[in-house]
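Structure, as structure tokens:
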Amino acid sequence: MKKSIYIGALAISLLTASCSDFLDKQTPQGVLTDDQVKSSQYVDNLVISAYAVWISAEDINSSFSMWNYDVRSDDAYKGGNGTSDGDVFHQLEISQGILTTNWNISDMWQRLYNCISRVNTAIALLDQTDEATYQLKNERIAEMKFLRAYGHFLLKRLYKNIPFIMDEHLTTEQYNELSNRQYSNDEGWQLIIDDLEEAYKTLPVTQTDKGRPTKAAAAAFLTKVYLYKAYHQDDPNTNEVTSINKDDLAKVVEYSDPAIYTAGTTVRNMATSIGATV
């Protein structure tokens, strides 16, 4: 018995020593300098990564659509073969038995914050990039702020009280200290609006690459967010609308101006005419 114990102890000590040596002696196969990371090639890769995460899931939340949460209202009916078919959505439908650990609740939370994390990583690097060597810097920052606003918007629609990750340089410890009550309901909507208004001012009327947001996309998004902000639901007991902000509704009218949405068509038509003339 003692021999077995000694052999076991010796084996553990050898394994520990070998693992330690293995980790200590490893050298990177390659490293990137700060200047390399700031080059347009690597910046574009981070921007693409921030876009890609939105379609990386492999279930009904892959598009981050909120259609399946409309069962909480009379806009949708869960359906299926009984209450056990999609039971987590049945719980939302009847407002009973809902757990924060349910996959449809926790997964969406995790994935959306993963999206925001990638966006913030891209913004942090873009901030350090020289605009003279990367002329698309400001446009790419605007795109990332559009995506960050989208992530926070979906989170706020679903959970209402959420932590807002507006600082691109947070440490892990600081992430753990974030509160979902730091901002009031109106302040939360305003943070989303601030990102979108910055995007609106910078984004081009048209984009060469399909899928990138344009000025009109930011305007349409601002219209929607201002509508949410305008209707105050400050009573935690009933969630009923308590008042309507006329200034916010004026912004809805401003950003839904048809001229904003026809500008892109006008530009494309002019370009086509010029090309045909040449």
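The values are calculated or read from the model by the stated rules, or taken from the named source; none is laboratory data. Remember, predicted model here, so these are calculated numbers, not experimental data. Glycine gets a Cβ as well: all are built from the backbone with ideal geometry, and neighbour counts include every protein chain shown. Side chains are part of the model used for accessible areas, which takes the heavy atoms of the whole protein and leaves out ligands, DNA and RNA. Shrake-Rupley method; radii C 1.70, N 1.55, O 1.52, S 1.80 Å.
Key figures for this structure:
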{"quantity": "Which numbered condition Gln135 misses (of (1) closer than 30 Å to Ile98 by Cβ; (2) open to solvent by 40 Å² or more (accessible area, probe 1.4 Å); (3) more than 10 Å from the chain's Cα centre (by Cα))", "calculated": "(1)"}
{"quantity": "Answer residue from segment 89-110, given it is assigned to a helix (DSSP H, G or I) and either of a type in the set (Phe, Trp, Tyr) or over 20 Å from Ile162 (Cβ atoms) (or both) and is least open to solvent (accessible area, probe 1.4 Å) among those", "calculated": "Phe89"}
{"quantity": "Among the residues listed as Glu240, Glu254, the single one being free of Cβ contacts under 8 Å to residues at least 40 places away in the same chain, in a loop (DSSP other than H, G, I, E, B) and open to solvent by 50 Å² or more (accessible area, probe 1.4 Å)", "calculated": "Glu240"}
{"quantity": "Condition check for Asp235: surrounded by fewer than 12 Cβ atoms within 10 Å (Cβ to Cβ) and touching a Ser or Thr at 6+ places or on another chain (Cβ under 9 Å)", "calculated": "yes"}
{"quantity": "Matching residues in segment 199-219 - criterion: being surrounded by fewer than 18 Cβ atoms within 10 Å (Cβ to Cβ) and either charged (D, E, K, R) or within 17 Å of Arg148 (Cα to Cα) (or both)", "calculated": "Lys201, Thr202, Asp209, Lys210, Gly211"}
{"quantity": "Test for Ala271: is it over 23 Å from Ile165 (Cα atoms), open to solvent by less than 40 Å² (accessible area, probe 1.4 Å) and at pLDDT below 90", "calculated": "no"}
{"quantity": "Restricting segment 189-209 to residues that are touching a helix residue (DSSP H, G or I) at 6+ places or on another chain (Cβ under 6 Å) and of a type outside the set (A, V, I, L, M, F, W, C), the residue that is nearest to Leu158 (Cα to Cα)", "calculated": "Asp195"}
{"quantity": "Sole exception among (1) open to solvent by 40 Å² or more (accessible area, probe 1.4 Å); (2) in contact with a Ser or Thr (Cβ under 8 Å, 6 or more places away or on another chain); (3) of a type in the set (A, V, I, L, M) for Met166, by number", "calculated": "(2)"}
